[in-house]
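Shown next, in structure tokens, is the structure this report addresses.
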Amino acid sequence: MNDILQDIEAKLTGLASAPQRQQTGVVREIGDGVVRIEGLSGIMSGEMLDFGDGVAGLAMNLDEADVGALVLGSFQSVREGREVRATGRLLSVPVGKAMLGRVVDVLGRPLDGKGPVATEEFSPIERAAPGIMSRQPVSEPVQTGIMAVDALIPIGRGQRELIIGDRSTGKTTVCLDAILHQAELNRAAETRGDKEHRPLYSVYVAVGQKQSSVARVVNTLEEHGAMPYTVVVVAGASDSATSQYLAPFTGTAIGEWFRDHGQDALVVYDDLSKHAVAYRQVSLLLKRPSGREAYPGDVFYLHSRLLERSARVTKEAGGGSLTALPVIETQAGDISAYIPTNVISITDGQLFLESDLFYQGVRPAISVGLSVSRVGSSAQIKAMKQVAGKIKLELAQYRELAAFSQFGSDLDAKTQAQLERGRRIVELFKQPQHEAVPVAMQVVLLWAVQNGGFDGVPPAKTTEFRGRLATWLAQNQAGLLEKIRQEKVLSEALLAEVKKAVESFKQLQG
Amino acid sequence: MKHGNKQERLQAARLWRSCRTGGRADLEKVRSVLRLLLDAEPRGWQGIVRCLADRLRQETRERTAAVSSAEPLSEALQAEVTAVLRRRHGADLQTAFTTDPALIGGLRVRVGSEVWDGSIHGRLAAMEQSM
């Protein structure tokens, strides 16, 4: 009781000593969440404004006589003639481990009804990206649990991999699967008491999405127990364009906390095409000059400064990493449109999802030819490199052969075998959603498909056969899988064991 | 809020710059510019005059200290406040005294966009925020 009184006394004496100095201005014009303010002569760009009644703003355009600003959140109560105060702070959001498990809005205010976020730390949403000296090359993998990704287009910690494709080709599902698998791995390491494992936390940023879609995502995360390792930042379709424009930066600020505190995080921006549209709206309302497709001139810089903040940093700079999975929606598969080409050139590779493949039943519908990972195999464990090395080539050869063989009916045995193997690999990479395959299992399956383990199985039955093999391996060969996971390389002895396991399964099947 | 088209605004800015001496607007010059404008009525003169008026209004606001208090201040106190403010903001600062009972006590001084709030009301509001 006494210390509370002392606290109040101290506060009161502190207040009484000096008058408050403030920068103020007057709202002269307001429309669509954009205000022009007279006054505020000493304001910073990107400074937070206080409109009173808990309404915040962001100074964007600093002109000679007035300031163009954005209202964050509801702007119904802001009227012409109202006094605006400068806060002297850059727009900041709460960050820290306490954010995990929460669903928050663009200012970090909880939306999930679980009470206030228990964190004292704040971080500005716009920050400079780490420089050259504080960066480290990407060398540790992000295990997505999706075979096609982990084997062919590996993603490393600190990488930026674009997920691009038409509407409903499974872009969100790929990201969600990656998040769910991280949670699975984190939990498994916790129960093992594994100190070696570096947990990967996830930030999911929903930009301009239907509230129902966001609810479904949150529900999936909760069902699979991934929420304790995930932060969800929501700026829905009904939120203001300002919120949608700022949400990815909020997500990055939250992810950066992990990067700077020696931990790893994964941030998913779903999606950046809506983000660009929101920024276009804001820019046009601020009367900034427009360029191609009416996007403002700095739409490239908008995305590059956002994605440059994802990096793997040296020990001196924190020693963590921030991996980014930006999502871009294309129109009719056109990856050469304005925003897609921009983001493709910024990122370290892209996963291209094709609707044709999706409707053929190849799910995830990853187009192996058009997808690349510029970081590549340095983000794979050695065992995966050993088995996945040839697969991409084989798939490419298969596609070429498949195109030819449509015309000719008589094929020699060698070609037929190659075609069959290709078909099998395609079948192998089909994977139902939210069913991650651990990396050790992937290694054994990929080894099996290349070394005759699947021979004699008709291509149409491959998925079923694979399922049976996986279940059998998990039940009877858990020791072998664990050994691969720990050693991370297929030594001679381990290879022999894998061979023996696959053969004994084939014998069982007769 | 913005008056005139781009051309007019640019012209007004040029005229305004020519009316300034030592970082302040020279009222004599402004008056003669206005007289010339109103006599000659060049193309777009209305927009230019409106822009100049805006600038003049802003200049006045920056050179006037609006002092509000809960009770009317005595003459001596007014002189003292004016002297203190002039020492800080220059000798040509004008002062305008108003009363606002909502302040409860203390002073609130506004010069341009800068506000010094030493009123009880301001302190209460600050305390409410910090709690």
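Rounded to the nearest 500, the helix-only mean residue ellipticity at 222 nm of chain A stands at -13000 deg cm²/dmol, with each DSSP H run of n ≥ 4 adding -39,500 (n - 2.57). Given R0 = 22 Å, the distance between the Cβ atoms of A:Leu370 and A:Ser139 translates into a calculated FRET efficiency of 0.30.
Calculated mean residue ellipticity, 222 nm, chain B: -18000 deg cm²/dmol, from DSSP H runs (n ≥ 4) at -39500 (n - 2.57) each, averaged per residue and rounded to 500. Neighbour counts of C-beta atoms inside 10 Å place A:Leu494, A:Leu176, B:Leu36 in the sequence B:Leu36, A:Leu494, A:Leu176, starting with the fewest. Rounded, prolate or oblate: which fits the range B:63-130, taking a ≥ b ≥ c as square roots of the Cα gyration tensor eigenvalues, rounded meaning a/c under 1.5, else prolate when a/b beats b/c? Oblate. Within the straight-line cut-off of under 13 Å between alpha carbons, the aspartates and glutamates reachable from A:Lys500 are A:Glu492, sequence neighbours fewer than 8 places apart in one chain being disregarded. With both labels modelled 7 Å from their Cα along Cα-to-Cβ, the A:Gln486 to A:Leu62 distance reads 5.9 nm. For the pair the range A:173-217 and the range A:239-311, the centres of their Cα atoms are 21 angstrom apart.
Summarise the long-distance tail of P(r) for the range A:372-510 by giving the % of C-alpha pairs beyond 21 Å. Distances greater than 21 Å cover 46 percent of the Cα pairs.
Helices assigned as whole DSSP H runs in chain A whose Cα atoms extend at least 15 Å along their own long axis and whose mean Kyte-Doolittle hydropathy is 1.0 or higher are found at A:439-450.
Per the Cα gyration tensor, the range A:94-380 maps to an equivalent ellipsoid with semi-axes of 26, 23, 20 Å, ordered largest to smallest. The trypsin sites (Lys or Arg not before Pro) of the range A:1-100 that meet both conditions, a loop assignment by DSSP and at most 12 other Cβ atoms within 10 Å of the site Cβ, are A:Arg79. Over all distinct Cα-Cα pairs of the range A:260-342, the Kirkwood formula returns a hydrodynamic radius of 14.3 Å. All Cα-Cα separations within chain A were binned at 20 Å from zero, giving a P(r) of 21, 48, 23, 7, 1, each value a whole percent of the pairs.
If one computes P(r) from the Cα atoms of chain B, what percent of pairs lie at distances over 23 Å? Everything past 23 Å amounts to 49 percent.
Which of the trypsin sites (Lys or Arg not before Pro) across the range A:112-182 are loop residues per DSSP, with 13 or fewer other Cβ within 10 Å? Here the sparse-neighbourhood loop sites are A:Lys114, A:Arg167. Pairs from the table (A:Lys171/A:Lys430; A:Lys195/A:Lys315; A:Lys171/A:Lys274; A:Lys114/A:Lys274) lying more than 20 angstrom apart at Cα are A:Lys114/A:Lys274. Across all Cα atoms of the range B:6-61, the radius of gyration (one decimal) and Dmax (whole number) stand at 10.6, 30 Å. Temperature 25 °C, viscosity 0.890 mPa s: under these conditions the Stokes-Einstein estimate for the range A:148-214, based on its Kirkwood radius over C-alpha pairs, is 174 µm² per second. Computed from label points 7 Å out along Cα-Cβ, the spacing between A:Asp455 and A:Leu508 is 2.1 nm. Share of pairwise Cα-Cα distances greater than 21 Å in the range A:214-355 is 49 percent (whole percent). With R₀ fixed at 25 Å, the C-beta to C-beta distance from A:Gln360 to A:Ala215 puts the FRET efficiency at about 0.25. With a cut-off of 9 Å between beta carbons, the residues surrounding B:Gly47 carry a summed charge of +1, where Lys and Arg count +1 and Asp and Glu -1.
Every read-out reported here was derived from the displayed coordinates using simple, explicitly stated rules and does not represent laboratory data. Here the structure is a predicted model, which is why all the values come from computation and not from measurement. Using ideal geometry, Cβ is built from the backbone for each residue, glycine included, and neighbour counts are taken over all protein chains shown.
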